[in-house]
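Colleague: One structure, as structure tokens, below. Some questions next.
The values are calculated or read from the model by the stated rules, or taken from the named source; none is laboratory data. Bear in mind that the values here come from a model prediction, so they are computed numbers and not experimental data. Cβ: placed from backbone, ideal geometry, glycine included. Neighbour counts: every protein chain shown.
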């Protein structure tokens, strides 16, 4: 028989011990790479513990980062010492992301439409001219060239001038190429001082004005493809930033961003898993001088709100990044493929930003979670039954 332990009752008024696990105090460590500056301090908590961020008053738990890999050929990758145990990261604007004037994308553009050419003239957020060069797109030869405005000004006499928010890319249709532009966008808010925009309306402008060179069947197919493209582009949830890489988490940027990485264009430094217009921007990526004319566009959700706890005001942001690999509803896409891409993969980052008096004294926390379909090879026999018949 099992021995029963006696329980001694507590005297009246004595405090009771909590049955929950006691969180060990955090240990302050410094970045092991390079100079150990104050901007690179972390608050590290043991894996699995729960910690409180005093200045914000929110409870955060340690994010366990897992990667979906091919179940038939797993490869062990070296782990960065201590990287997987960072629960709350104390960052400043200086240590996370410095101003990158050389790699920013033009925030606005003026599109000049002529019979044989497109011209893209760089503008700043206020609509003022911000460059001494412009981009010429030949509608006949499909060639892209950067031209010095002082040597060869834009022929604006017979041009249709359209202010736009950016270029999504160039798509090839049956009738020829088409330029995809952002006609309307809405400011969602700011994260670490960078504007985040939501795309409201896009447009595909064909290079060729008519369809006389096509057969009736080609015209019908071309119209069908255009409708499909417009249907996708009109979907809610496309976001971009002209000055910040929203495809990567603050945790990744803090641990991996180098000076050389910061000097790359936004499209080159973006995480291709979450860039939905990378293929459309192939011509821009091929020439390094064109990096400022195209935007890496992310699909998912971004919400930014201000809140207050105990008199301390802070900002809470949620960024959900939807992967381009095997995206789709669960009914059509499940499991993992041979490249290790899980269906319906989403990375969600919770960002808490607290400005202690000024942006130079900013604190950020980044909490990353991932989700996706079961990482197994999945197959099922197709049938015409929409749902099984219920029996009672």
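Colleague: For the stretch 199-220: of the residues being in contact with a strand residue (DSSP E or B) (Cβ under 9 Å, 6 or more places away or on another chain), surrounded by 15 or more Cβ atoms within 10 Å (Cβ to Cβ) and free of Cβ contacts under 8 Å to residues at least 60 places away in the same chain, which is farthest from residue 189 (Cα to Cα)?
Modeller: 206
Colleague: Hey, another quick one. I'd like to check something: does the stretch 236-248 contain any residue that is in a helix (DSSP H, G or I) and either touching a strand residue (DSSP E or B) at 6+ places or on another chain (Cβ under 8 Å) or surrounded by fewer than 16 Cβ atoms within 10 Å (Cβ to Cβ) (or both)?
Modeller: Within the stretch 236-248, none of the residues are in a helix (DSSP H, G or I) and either touching a strand residue (DSSP E or B) at 6+ places or on another chain (Cβ under 8 Å) or surrounded by fewer than 16 Cβ atoms within 10 Å (Cβ to Cβ) (or both).
Colleague: Considering only the stretch 168-177, state which residues are in contact with a helix residue (DSSP H, G or I) (Cβ under 8 Å, 6 or more places away or on another chain), closer than 19 Å to residue 221 by Cβ and in a strand (DSSP E or B).
Modeller: Of everything in the stretch 168-177, those that are in contact with a helix residue (DSSP H, G or I) (Cβ under 8 Å, 6 or more places away or on another chain), closer than 19 Å to residue 221 by Cβ and in a strand (DSSP E or B) turn out to be 171, 173.
Colleague: Considering each residue of the stretch 154-176, count those that are touching a strand residue (DSSP E or B) at 6+ places or on another chain (Cβ under 9 Å), exposed (fewer than 15 other Cβ atoms within 10 Å of the Cβ) and under 16 Å from residue 114 (Cβ atoms), and give that number.
Modeller: 5
Colleague: Looking only at the stretch 194-219, which residues are at pLDDT below 90 and in contact with a helix residue (DSSP H, G or I) (Cβ under 9 Å, 6 or more places away or on another chain)?
Modeller: 211, 214
Colleague: Still on this model: Can you tell me which residues in the stretch 292-312 are out of contact with any strand residue (DSSP E or B) (no Cβ under 6 Å at 6 or more places or on another chain) and loosely packed, with under 11 Cβ neighbours inside 10 Å?
Modeller: Matches in the stretch 292-312: 308, 310, 311.
Colleague: Can you pull out every residue in the stretch 249-263 that is in contact with a strand residue (DSSP E or B) (Cβ under 9 Å, 6 or more places away or on another chain) and either surrounded by fewer than 19 Cβ atoms within 10 Å (Cβ to Cβ) or part of a loop (DSSP other than H, G, I, E, B) (or both)?
Modeller: 249, 252
Colleague: Restrict the check to the stretch 220-229 and report whether at least one residue is in a helix (DSSP H, G or I), more than 30 Å from residue 116 (Cα to Cα) and either touching a helix residue (DSSP H, G or I) at 6+ places or on another chain (Cβ under 8 Å) or at pLDDT 90 or above (or both).
Modeller: Checked the stretch 220-229: no residue is in a helix (DSSP H, G or I), more than 30 Å from residue 116 (Cα to Cα) and either touching a helix residue (DSSP H, G or I) at 6+ places or on another chain (Cβ under 8 Å) or at pLDDT 90 or above (or both).
Colleague: Identify the single condition in (1) farther than 20 Å from residue 255 by Cα; (2) surrounded by fewer than 20 Cβ atoms within 10 Å (Cβ to Cβ); (3) touching a residue at least 40 places away in the same chain (Cβ under 8 Å) that residue 369 does not satisfy, given that it satisfies every other one.
Modeller: Here residue 369 meets the rest and fails (1).
Colleague: Quick check: anything in the stretch 293-315 assigned to a helix (DSSP H, G or I) and at pLDDT 90 or above?
Modeller: Yes, that holds for at least one residue.
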